[in-house]
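Quick notes on the structure that follows.
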Number of protein chains: 2
Amino acid sequence: MELYIEKGFEQATVAEIAERAGLTARTFFRYFADKREVLFAGSANLQDALVAALESAPATASPMEAVAAALDRAAAFLGEAREFSQKRQAVIAANAELRERELIKLAHLSDALADGLRRRGVADPRASLAAETGVAVFRVAFERWLGDPGSRDLEQIMRESLDELKALTA
Amino acid sequence: MELYIEKGFEQATVAEIAERAGLTARTFFRYFADKREVLFAGSANLQDALVAALESAPATASPMEAVAAALDRAAAFLGEAREFSQKRQAVIAANAELRERELIKLAHLSDALADGLRRRGVADPRASLAAETGVAVFRVAFERWLGDPGSRDLEQIMRESLDELKALTA
DNA sequence: GCACGTGATGTCACTGTGCGCCATCACCTA
DNA sequence: TAGGTGATGGCGCACAGTGACATCACGTGC
């Protein structure tokens, strides 16, 4: 990420990244599938945590309540590292390829949440829609949180955004 | 698309594509930014049509009603070419890079719709949320339509999915 | 009819990504 | 001590994508 900030994502070559990390490009590609992936190494952990939160929601919870539990977990997961997230997001926002990769990670997250809902007995297309809209709320709230001058609580912004969605579709 | 179906996206080289089209790889790259973009050439037209539909919704329409008008327009735009859409979607689904590109096209669409809503006086984050969820409904409905054995009307499936979303967040 | 500009295409050379294959080296175990 | 294993490096390669320059067809003005 240092190099991506210094020179921009496109200008930084894998050889340079590897050199700074004290290894060769060949080894870099054994740890990361491509140049983009290095910025998304933690996304599998995040996804696992959200799915676990969704699954441990009470059996009586509605689909959107289960999704809300996952969003709470996301806030806890990301809420601590605001400065890091801001830097990372600035790098991603500056490059189209990185934005693409971010979107597919979120799509995978949505798929995983939809799977979790189906395991809870929620039928399609309800499961897909709940997961997709949950991720949409996450995305909007996360972006607002990063740009919020008062650095308000991420969890709070998540809840507000979810309420906003409910008002919209009412 | 022929070649992507025959050999798969990764196996098809730009040189082969260009040869089949009767030109050189260099010329291909003057028309398309990269190998993926050739499958998304029509997306700008779709986006323009949806934004126009959103803008021409009555001033009294709520944000979600304006988005629904755009979804109707999308159904009219895509509803005629189901077989083509199925082939195209199969190619995209088979390759991660193409899925990434599709997602960023949909994200651009969402941004454009959010801009249109803001021009209608809708404030953020309401505008972003309405646009994001509208695109989520579009995505879910489109996928259902492609896989629907009875080949039901796309517009009808769009409306059903939107109703489903309303029920979810109620 | 001729010179000139313009736009589309081709050719060439080059950088960088990503991968297959093999060699090397450290470390562990029978 | 011999052999297995996992991480790394080195090398070559196919291909994507770009910049620079040449070529060619075409109008357009003189």
message = Name the residue that is farthest from the chain's Cα centre (by Cα), counting only residues in the range B:149-168 that are among the polar types (S, T, N, Q) and away from chain A (no Cβ under 13 Å).
response = B:SER151
note = (1) within 16 Å of DNA strand C (Cβ to nearest atom); (2) among the polar types (S, T, N, Q); (3) assigned to a loop (DSSP other than H, G, I, E, B) all hold for B:THR60 apart from (1)
request  = Scan B:GLU102, B:GLU37 and give me the residue that is under 30 Å from A:LEU98 (Cα atoms), within 16 Å of DNA strand C (Cβ to nearest atom) and of a type in the set (Asp, Glu).
outcome  = B:GLU37
remark   = Residue count, the range A:14-50, condition closer than 30 Å to A:ALA112 by Cα and not in a helix (DSSP H, G or I), comes to 7
Unique residue being at pLDDT 95 or above, closer than 28 Å to B:ALA68 by Cβ and away from every other protein chain (no Cβ under 11 Å) when the list is A:LEU113, A:LEU103, A:LEU117 = A:LEU113
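Every residue, every condition in (1) assigned to a helix (DSSP H, G or I); (2) touching a residue at least 12 places away in the same chain (Cβ under 8 Å); (3) crowded, with 24+ Cβ neighbours inside 10 Å, yes or no:
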site	(1), (2), (3)
B:ALA131	yes, yes, yes
B:GLY150	no, no, no
B:ILE157	yes, yes, no
B:GLU164	yes, no, no
task = Residue by residue through the range A:67-80, note down the ones that are in contact (Cβ under 8 Å) with a residue 60 or more places away in the chain and either in a helix (DSSP H, G or I) or within 14 Å of chain B (Cβ to nearest Cβ) (or both).
result = A:VAL67, A:ALA68, A:ALA70, A:LEU71, A:ASP72, A:ALA74, A:ALA75, A:ALA76, A:LEU78
query = Since B:ALA33 meets every condition but one in (1) among the hydrophobic types (A, V, I, L, M, F, W, C); (2) more than 8 Å from DNA strand D (Cβ to nearest atom); (3) over 24 Å from B:ALA70 (Cβ atoms); (4) within 14 Å of chain A (Cβ to nearest Cβ), which condition does it not meet?
reply = (2)
task = Could you tell me which of the residues A:ALA94, A:ALA49 is more than 14 Å from chain B (Cβ to nearest Cβ), more than 12 Å from DNA strand C (Cβ to nearest atom), in contact with a Gly (Cβ under 9 Å, 6 or more places away or on another chain) and closer than 25 Å to B:ALA96 by Cβ?
result = A:ALA94
message = Suppose we filter the range B:25-45 for residues that are without any contact (Cβ under 8 Å) to a residue 40 or more places away in the chain, under 18 Å from B:HIS108 (Cβ atoms) and small (Gly, Ala, Ser); how many remain?
response = 4
key: Count of residues meeting criterion [surrounded by 15 or more Cβ atoms within 10 Å (Cβ to Cβ) and either hydrophobic (A, V, I, L, M, F, W, C) or in contact with a Ser or Thr (Cβ under 9 Å, 6 or more places away or on another chain) (or both)] in the range A:44-60   = 7
remark   = Only unsatisfied item for B:PHE9, checking (1) part of a helix (DSSP H, G or I); (2) within 16 Å of DNA strand D (Cβ to nearest atom), is (1)
Any hit, the range A:140-148, residues being at the interface with chain B (Cβ under 8 Å from one of its Cβ atoms), more than 21 Å from B:ALA114 (Cβ to Cβ) and at pLDDT 90 or above = no
query = Which one is nearest to DNA strand D (Cβ to nearest atom), of the residues in the range B:46-64 that are without any contact (Cβ under 8 Å) to a residue 24 or more places away in the chain and within 19 Å of the chain's Cα centre (by Cα)?
reply = B:ASP48
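The values are calculated or read from the model by the stated rules, or taken from the named source; none is laboratory data. It should be emphasised that the depicted structure is a prediction, and the values quoted were computed from it without experimental measurement. Positions of Cβ are backbone-derived with ideal geometry, glycine not excepted, and every protein chain shown enters the neighbour counts.
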